[in-house]
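Have a look at the structure below before the remarks.
The values are calculated or read from the model by the stated rules, or taken from the named source; none is laboratory data. Bear in mind that the values here come from a model prediction, so they are computed numbers and not experimental data. Cβ: placed from backbone, ideal geometry, glycine included. Neighbour counts: every protein chain shown.
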Amino acid sequence: MRHGKKFNHLGRKAAHRKAMLANMACSLIEHKRITTTLAKAKALRLYVEPLITKSKNDTTHSRRTVFSYLKQKEAITELFGDIATKVADRPGGYTRILKLSNRLGDNAQMAFIELVDYNETYTTDKPKKKKARRSGGSKTTEATVVAETAVEEEVSTEVIEDVIEVATENVTEKVVETAEVVEETVAEVTEKKDTTEEINEEESNDSSEEEKSE
């Protein structure tokens, strides 16, 4: 008779159930997270958490007590080494169960069971990021803004001076070129006037000579 036995038998005899839970506990210690049915995950939590509490007291008696449950040397060394240091400050609640969708075939409810201290997604000891506010900036930000504006003003004045120098050079070159062209045109005009005056003088002299001969 099963009167008063409130734990889940998981459809197995006592020896089969203990061996299965021992193997699942070793897998959880090795991989830090396993996938199983929700019922087995709840049974495993009741099985493995007292063993993790035992691992905080690293003595020969504690190791032998835990070894009588797990029966794997590698799991014992991992439990009393890395895991014990990780959960040293945690007063219980070493595992977390996350429900998954139902399994195809028998429609059993599936779940993750994991060690809490090895999931970095849910850790609360992460360094907080500083939020940048638009109003009420610090003095350092004001100083940086003033320095940036001063640098921009210096750069703009340098650019304006360079532009002015280039423009003055171009204007002086154009003025010199136009002056040379004007001088050339004036010289040509004076030459033409001189030639026309000479021709007119010659014609007037010829006409006067003809009049005298007559």
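One table, with the values for the structure above:
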| quantity | calculated |
| --- | --- |
| Verdict on E30 being under 38 Å from the mean Cα position of the chain (by Cα) and within 27 Å of A88 (Cβ to Cβ) | yes |
| Output for the stretch 19-54, where each listed residue is charged (D, E, K, R) and free of Cβ contacts under 8 Å to residues at least 24 places away in the same chain | K54 |
| Hits in the stretch 94-121 (condition: assigned to a loop (DSSP other than H, G, I, E, B), of a type outside the set (A, V, I, L, M) and surrounded by 10 or more Cβ atoms within 10 Å (Cβ to Cβ)) | Y94, R103, N119 |
| Condition broken by K192, with the remaining ones in (1) at positive phi; (2) modelled with pLDDT of 65 or more; (3) not polar (S, T, N, Q) satisfied | (1) |
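A quick yes/no check of all residues on (1) outside the structural domain of Q109 (by TED's automatic domain parsing); (2) outside any loop (DSSP other than H, G, I, E, B); (3) closer than 14 Å to V116 by Cβ:
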position	(1), (2), (3)
A39	no, yes, no
E49	no, yes, yes
K54	no, yes, no
N57	no, no, no
H61	no, yes, no
R64	no, yes, no
S68	no, yes, no
I76	no, yes, no
G92	no, no, yes
